[in-house]
Amino acid sequence: MSAAHRESSSLLASDVASATARLRAAQAVGQEPSRVAEVLSRAAALWRDRNYPRRRDAIGQIARQAGYSVALLEESLDALLKPFSHAALSSLAEKASRSRQADRPQLLGFIMAGNVAGAGLHEIAIGLVAGACMIVKTASTEPIFFDQFARTLAELDREVASRIAVFNWSREREDLTAAMAGNCDRVIAYGDDATIVSLRNNGAVIGFGSRVSGAVVVPDAMVPGRIAAVAEALARDVVLFEQLGCLSLHHIFVVSPSTDGARDFAARIAGTLARVGDSIRTATIPLRDAAEILGVRERARWRRIAGESIELFEGPRLEWTVVCEPESTGDNSFVVSPGFRTVHVTCVRDEKQLRAIFAAASGRIEAVAVAGNDAETRRISATLDTLGVSYIAAPGEMQSPLLLWRHGGGAFLDLMVASR
């Protein structure tokens, strides 16, 4: 059965070692990928139902603990769970069955981040379907989602659930983290780059570090019949998970020979964020992040006073912020915002300048939403692929990557299912 624990002063390294021993025993009893995929499919279907008691309770707890609105978490979890369909999980099971490589790790240790509830579910599903067992160490700031999801698995199939154990301890408990790393074949870690570097001393680590996402709007998306829908969809990508994950939209580049297009699009995004705020309340913003948002606004004001063509759109009480830099100067770089619905919009002259911007940010960009006609989208997507962008999304779909998304370049995916 799945083991779920809350942090306790009595939790010892030996407890973690005992859990890994139980998991290895469970791993010795083979499970067909198709069976695991079926159980995960049923669990995901339950969690997609907004009336499912475990989901409802988890969202309520996370909302209270993290200061998010229930409406925001409902929309965000819907987006997260969308790719976990029966068809997608069955396809994953087929790939796992065909690629039973000898070097596939049998016991994984997951170290989850606390910024996005459910982040890492793709890798959890891939690992389980591929036959691995796993310890999941949840973050102190978000100990709820994976605990409850594991309990759902236990209710559906105790044998499948016996392959996952969920613990919670703080990062200060280095003895517990070391015990997990020392007993697992591979550690899968989420967090900022500094966190990933610190963990590499504990053994073989696949790290998902500090990455962010952007968007490109090309001329065909700017026509009167499309622009409103594109702005609406990209505003959704800004709002979900309050821009705190690697798939969150921070910077929109409008490809246009005229700066008027960028100004118009920025105004539309601002208007949409204002409307969304009426139904999906902004999260309680931590003091440090609030100070950074104020800094974004003040820098924009001073640059405008200095004569730069900056447009600032701002909601009340830091609810949303849009900074438009319509000057097509060629030296605009990718801007990472403080989050909480803070987005930059920049005009670029052509695709050559666009490529230079993303090339300069190579290694930091996880996903890009592209809005344009089919030919424009294919051309820009091919360029972004050569620059290491792992996920090219349609506007509004940034938080719902395919199950076989090559997260972080695909190292984990290739290790588990030999996808290439």
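The values are calculated or read from the model by the stated rules, or taken from the named source; none is laboratory data. Keep in mind it's a predicted model, so treat the numbers as computed, not measured. Methodologically, a virtual Cβ is constructed for each residue, glycine included, from the backbone with ideal geometry; neighbour enumeration extends over all protein chains shown.
If we scan the range 202-215, do we find a residue that is touching a residue at least 24 places away in the same chain (Cβ under 8 Å), within 11 Å of Ile135 (Cβ to Cβ), surrounded by fewer than 22 Cβ atoms within 10 Å (Cβ to Cβ) and in contact with a helix residue (DSSP H, G or I) (Cβ under 8 Å, 6 or more places away or on another chain)?
no
Taking the range 34-55 on its own, how many of its residues are assigned to a helix (DSSP H, G or I), surrounded by 14 or more Cβ atoms within 10 Å (Cβ to Cβ) and within 25 Å of the chain's Cα centre (by Cα)?
Quick first cut of the range 34-55, residues assigned to a helix (DSSP H, G or I) only: 34-48, 53-55.
Remaining after also requiring surrounded by 14 or more Cβ atoms within 10 Å (Cβ to Cβ): 34-48, 54-55.
Checking which are within 25 Å of the chain's Cα centre (by Cα) leaves us with 36-48, 54-55.
Counting residues in the range 34-55 that are assigned to a helix (DSSP H, G or I), surrounded by 14 or more Cβ atoms within 10 Å (Cβ to Cβ) and within 25 Å of the chain's Cα centre (by Cα) gives 15.
Pairs needed: first member in the range 348-368, among the hydroxyl-bearing types (Ser, Thr, Tyr); second member anywhere, surrounded by 15 or more Cβ atoms within 10 Å (Cβ to Cβ) and not in a strand (DSSP E or B); C-beta distance under 6 Å; at least 6 residues apart or different chains.
Ser362/Leu387; Ser362/Gly388
Hey, can you tell me all the residues within the range 370-420 that are over 22 Å from Tyr190 (Cα atoms) and modelled with pLDDT under 90?
Arg420
Just for the range 354-369: of the residues that are charged (D, E, K, R) and touching a helix residue (DSSP H, G or I) at 6+ places or on another chain (Cβ under 9 Å), which one is modelled with the highest pLDDT?
Within the range 354-369, the match that is modelled with the highest pLDDT is Glu366.
Say we look at the range 287-311 and pick out the residues that are of a type in the set (Asp, Glu) and in a helix (DSSP H, G or I); which of these is nearest to Gln243 (Cα to Cα)?
Asp289
Of everything in the range 115-132 that's in contact with a Phe, Trp or Tyr (Cβ under 7 Å, 6 or more places away or on another chain) and not in a helix (DSSP H, G or I), which residue is surrounded by the most Cβ atoms within 10 Å (Cβ to Cβ)?
Ala117
Restricting attention to the range 226-269, which residues are among the small types (Gly, Ala, Ser), in a helix (DSSP H, G or I) and surrounded by fewer than 24 Cβ atoms within 10 Å (Cβ to Cβ)?
Within the range 226-269, Ala228, Ala229, Ala233, Gly261, Ala267 meet the criteria.
Could you grab the pairs with beta carbons closer than 8 Å, sequence gap of 6+ or different chains, first residue in the range 101-125 and farther than 19 Å from Phe167 by Cβ, second one of a type in the set (Phe, Trp, Tyr) and surrounded by fewer than 21 Cβ atoms within 10 Å (Cβ to Cβ)?
Between residues of the range 101-125 that are farther than 19 Å from Phe167 by Cβ and residues that are of a type in the set (Phe, Trp, Tyr) and surrounded by fewer than 21 Cβ atoms within 10 Å (Cβ to Cβ), the close pairs are His122/Trp405.
Which condition from (1) surrounded by fewer than 22 Cβ atoms within 10 Å (Cβ to Cβ); (2) among the hydrophobic types (A, V, I, L, M, F, W, C); (3) not in a helix (DSSP H, G or I) is the one that Leu108 breaks?
Just one mismatch for Leu108, condition (1).
Taking Asp78 as meeting all but one of (1) under 20 Å from Ala43 (Cα atoms); (2) buried (at least 17 other Cβ atoms within 10 Å of the Cβ), write down the number of the exception.
Failed condition: (2).
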